[in-house]
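**Q** Sharing a structure below in structure tokens format, with a few things to ask.
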Amino acid sequence: MTYYPLVHLGEGLAGRVSAGAGDAVLWIHGYALDSSSWSELWDLLPEWRHIGVDLPGHGHSLPFREGEALPSLAARLLAVARERRACHVVALSFGTVVALQMAIQVPGAFSTVVLGSPLMEDGANDEPFWKRYRELANMHRMAGHGEHLRGRLMLAPPSPFEGAAARPELWARLWEIVGRHGFWDLPDAALIRLGSGLQSEVSLHGIESAVLMVEGDRERPAARRHAERLGRALRSCRSVHLPGAGAHSLLEAPRTAATAIDGHLRAHSAARGESVAPGHGR
């Protein structure tokens, strides 16, 4: 896979970029990952200009700001998108919560939004991600930082990473990325604060972007119900299902995902004259 260079993106955020002749696409990774997780997909989508942001406390970005809420984080990423003239956003798992908030706050900011394995807000008792996150926060309080956190996140069932085990090279890459994660968010359980704000049907309906939801057919029941809720609430939304993929669908089935993403971007490319909010697009 290609190595994509690290850059400073402003707003305390770092990430990676690629050169391409097409529109700029902002990529937002899932929890405990970083922008390096997109390399395989970017290699499959060479015609687009990619900007992968490291979320706060991930990769080479600074930790979350004290008491930071989801609207503030979304505003920071919107500033990066404006600076880099990104008119599309692709997000995975927890990154989808951030991407939807960005589109809610500035409804016309992006021509398209791609939601890979969209994660519901905190508060759902049957959503495995939030149960596991609380376990990690408790473990950190009792034992501090250490290898036990990666093991609990990736190895203890039900794990959001279990779908990656079908591809040993992917599993090894994600194991390495999560091993670099500092878990800076756990002392104050920052993700619970960020994921506790309900994104209502009314606010979701205000999103003007064309939305593509990419789901694995091995997603948990709670995730499937959330995707159905999003499909009803969003004004313009279609879904693609990836056979054999789970909670990290875009990474687990990259070729099929890349084909779906490429088609969606082309259908709504700013270069084809689609309307893009001021400060965005090429």
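**Q** Wholly within the range 1-94, which strands (runs of 3 or more DSSP E) include no fewer than the required count, namely at least 1 residues that are out of contact with any Cys (no Cβ under 6 Å at 6 or more places or on another chain) and of a type in the set (Phe, Trp, Tyr)? Can you show your working first?
**A** Numbers: elements: 6-10, 13-17, 24-28, 49-53, 86-92.
The qualifying strands (runs of 3 or more DSSP E) are 24-28.
**Q** A follow-up question, please. Quick one: in the range 108-121, which of the residues that are open to solvent by less than 30 Å² (accessible area, probe 1.4 Å) and farther than 18 Å from residue 33 by Cβ is modelled with the lowest pLDDT?
**A** Taking the range 108-121 first, the residues open to solvent by less than 30 Å² (accessible area, probe 1.4 Å) are 108-119, 121.
Still in the running and farther than 18 Å from residue 33 by Cβ: 108-113, 121.
Numbers: 108: 90, 109: 94, 110: 97, 111: 97, 112: 98, 113: 98, 121: 70.
Among those residues, the one meeting the criterion is 121.
**Q** Something else about it: Kindly state which helices (runs of 4 or more DSSP H) lie completely within the range 125-211 and contain at least 3 residues that are farther than 30 Å from residue 243 by Cβ.
**A** Details: elements: 128-143, 147-155, 168-180, 190-194, 201-205.
In the range 125-211, the matching helices (runs of 4 or more DSSP H) lie at 128-143, 147-155, 190-194, 201-205.
**Q** Here are some residues: 110, 94. Which one is over 19 Å from residue 11 (Cα atoms), touching a strand residue (DSSP E or B) at 6+ places or on another chain (Cβ under 8 Å) and aromatic (Phe, Trp, Tyr)? Walk me through how you get there before you give the answer.
**A** Working: 94 fails: touching a strand residue (DSSP E or B) at 6+ places or on another chain (Cβ under 8 Å).
None of the other options fit; the residue is 110.
**Q** Just the residues that are touching a His at 6+ places or on another chain (Cβ under 8 Å) and within 20 Å of residue 89 (Cα to Cα), please, taken from the range 215-234.
**A** 215, 216, 233, 234
**Q** Hey, does the range 100-107 have a residue that's closer than 14 Å to residue 223 by Cβ, of a type outside the set (Phe, Trp, Tyr), without any contact (Cβ under 8 Å) to a residue 40 or more places away in the chain and open to solvent by 40 Å² or more (accessible area, probe 1.4 Å)? Quick ask: steps written out before the conclusion?
**A** Initially, the range 100-107 is screened for residues closer than 14 Å to residue 223 by Cβ, giving none.
So far as the range 100-107 goes, no, none of its residues is closer than 14 Å to residue 223 by Cβ, of a type outside the set (Phe, Trp, Tyr), without any contact (Cβ under 8 Å) to a residue 40 or more places away in the chain and open to solvent by 40 Å² or more (accessible area, probe 1.4 Å).
**Q** Determine the pairs where a residue that is of a type in the set (A, V, I, L, M, F, W, C) and buried (at least 24 other Cβ atoms within 10 Å of the Cβ), located within the range 11-38, has a partner that is in a loop (DSSP other than H, G, I, E, B) and modelled with pLDDT of 95 or more with Cβ atoms under 6 Å apart, the partner being 6 or more residues away or on another chain.
**A** If the second residue must be in a loop (DSSP other than H, G, I, E, B) and modelled with pLDDT of 95 or more, the pairs left are 25/48; 32/181.
The values are calculated or read from the model by the stated rules, or taken from the named source; none is laboratory data. Worth saying up front: this structure is predicted, and the values here are computed from it rather than measured. Reconstructed Cβ throughout: ideal geometry from the backbone, glycine too, with neighbour counts over all protein chains shown. Each accessible area value is taken on the protein alone, full model and side chains, heavy atoms only, with ligands, DNA and RNA left out. Shrake-Rupley method; radii C 1.70, N 1.55, O 1.52, S 1.80 Å.
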